[in-house]
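Worksheet: the structure to be examined is printed underneath.
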């Protein structure tokens, strides 16, 4: 059987896989991109934070993002529980950290289509619209047998093939996964009052209900409910669902009209025991899955891509060598572990009826509300790991210099 040889093979055509294809191609690697055509039926949107926006701009996606992305100027957390101890509302403004916006919100279907078009246009990306039927990791390369009968080989495989990742299974990487008992209901709605670039995350006893601005007087909604309650919402017609959405959001955006049929996504958490092995490196949901809190998912996946491309570029002679994979593991584990633990802890605190959990949440949120340096630290750190400490050091340095001048 004839084999097609590449330096890098990317399995998966979601946004993280497509971004990886662009990044590896632009770094000069002969790249194969394998998977079905990017989905046009994904009803979700993604909040792309400012560092990730800059990375996408470096890949030539700037004009598209400028045209289709809606700026996120303010992010607000509201305790909408009915528990004994409730947390204060906390508002994060991008202007507080000298940014015009935290990032951009964009429809996944539009983003996927644009990334697919850009990837296919790269001369050193070989596009294969087929699934991998069988993986064969070897000492010096990995072979992939496609469903259409062709076979590809590469020194490095990038597993961007989702939370059930066949490539991860082929690498023999075990994963700690468990369902949360929650389901995310996703939809788009229009409203009579302007959103003014504000995203609001309502915390409820079943999980967060997050409204994120879109263009044209619209917003996206991710409504996390207990899984046993999801069928009731999905059975409502759009008029009845709009009434429920408006009530849940306390009519803050006026009259609501649901524009898309809701889609349901069961939630789970997942962390692999390793992030790479046997010439296969994990990115995106193959590497980390947690509830949709704080706009971490795709942004974390983009940092996976940045790290892996940087590591592969340093080990260009053999980007899938064990030394390269160890380097990638060292780079990604702290960031992923910190984000996953923080999101999972916050989600569990929402579901807990225990008074100590309520008191702890309230104490943290009151500190964020009242203490602007702490709020700035969390905003910087939420954008990119390490930025919070750098911003505090920069602030102290400026403060000392100002004191010296006086």
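The values are calculated or read from the model by the stated rules, or taken from the named source; none is laboratory data. Please read these numbers as outputs of a predicted model, since none were measured by experiment. Cβ: placed from backbone, ideal geometry, glycine included. Neighbour counts: every protein chain shown.
Quick one: which residue in 74, 46 is modelled with pLDDT under 95 and under 21 Å from residue 249 (Cα atoms)?
Within the list 74, 46, the selection yields 46.
Is one or more of the residues making up the range 184-194 touching a strand residue (DSSP E or B) at 6+ places or on another chain (Cβ under 6 Å), within 26 Å of residue 88 (Cβ to Cβ) and crowded, with 18+ Cβ neighbours inside 10 Å?
yes
If you check residue 253 against the conditions, is it at pLDDT 95 or above, outside any loop (DSSP other than H, G, I, E, B), in contact with a helix residue (DSSP H, G or I) (Cβ under 9 Å, 6 or more places away or on another chain) and outside the structural domain of residue 43 (by TED's automatic domain parsing)?
No; evaluated as a whole, the condition is false for this residue.
Considering every residue within the range 165-172, establish whether at least one is assigned to a loop (DSSP other than H, G, I, E, B), touching a strand residue (DSSP E or B) at 6+ places or on another chain (Cβ under 7 Å) and either at pLDDT below 95 or outside the structural domain of residue 288 (by TED's automatic domain parsing) (or both).
Within the range 165-172, not a single residue is assigned to a loop (DSSP other than H, G, I, E, B), touching a strand residue (DSSP E or B) at 6+ places or on another chain (Cβ under 7 Å) and either at pLDDT below 95 or outside the structural domain of residue 288 (by TED's automatic domain parsing) (or both).
To keep it simple, each residue is scored yes or no on (1) modelled with pLDDT of 95 or more; (2) more than 30 Å from residue 141 (Cα to Cα); (3) assigned to a strand (DSSP E or B).
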{"position": "176", "(1), (2), (3)": "no, no, yes"}
{"position": "179", "(1), (2), (3)": "no, yes, yes"}
{"position": "188", "(1), (2), (3)": "yes, yes, yes"}
{"position": "193", "(1), (2), (3)": "yes, yes, no"}
{"position": "196", "(1), (2), (3)": "yes, yes, no"}
{"position": "201", "(1), (2), (3)": "no, yes, yes"}
{"position": "213", "(1), (2), (3)": "yes, yes, yes"}
{"position": "220", "(1), (2), (3)": "yes, yes, yes"}
{"position": "223", "(1), (2), (3)": "yes, yes, yes"}
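Quick check: anything in the range 319-338 buried (at least 22 other Cβ atoms within 10 Å of the Cβ), within 16 Å of residue 208 (Cβ to Cβ), touching a residue at least 12 places away in the same chain (Cβ under 8 Å) and in contact with a helix residue (DSSP H, G or I) (Cβ under 9 Å, 6 or more places away or on another chain)?
Within the range 319-338 (the criterion being buried (at least 22 other Cβ atoms within 10 Å of the Cβ), within 16 Å of residue 208 (Cβ to Cβ), touching a residue at least 12 places away in the same chain (Cβ under 8 Å) and in contact with a helix residue (DSSP H, G or I) (Cβ under 9 Å, 6 or more places away or on another chain)), the answer is no, since none of the residues qualifies.
Search the range 142-163 for residues being at pLDDT 95 or above and in a loop (DSSP other than H, G, I, E, B), and hand back the single one that is surrounded by the fewest Cβ atoms within 10 Å (Cβ to Cβ).
Ranking the candidates gives 161 first.
For residue 258, all conditions in the list (1) assigned by TED's automatic domain parsing to the domain that holds residue 19; (2) modelled with pLDDT of 95 or more hold save one; what is the number of the exception?
Against the list (1) assigned by TED's automatic domain parsing to the domain that holds residue 19; (2) modelled with pLDDT of 95 or more, residue 258 comes up short only on (1).
Check 308, 368, 300 and return the single one that is closer than 29 Å to residue 77 by Cα, touching a strand residue (DSSP E or B) at 6+ places or on another chain (Cβ under 6 Å) and assigned to a helix (DSSP H, G or I).
The unique qualifying residue is 368.
Give the residue, chosen from 116, 96, that is surrounded by 17 or more Cβ atoms within 10 Å (Cβ to Cβ) and within 24 Å of the chain's Cα centre (by Cα).
Testing whether each residue is surrounded by 17 or more Cβ atoms within 10 Å (Cβ to Cβ) and within 24 Å of the chain's Cα centre (by Cα) leaves just 116.
Within the range 273-288, which residues are touching a helix residue (DSSP H, G or I) at 6+ places or on another chain (Cβ under 9 Å) and surrounded by fewer than 22 Cβ atoms within 10 Å (Cβ to Cβ)?
Scanning the range 273-288 gives 274, 277, 278.
Tell me whether the range 106-121 contains one or more residues that are free of Cβ contacts under 8 Å to residues at least 12 places away in the same chain and in a loop (DSSP other than H, G, I, E, B).
no
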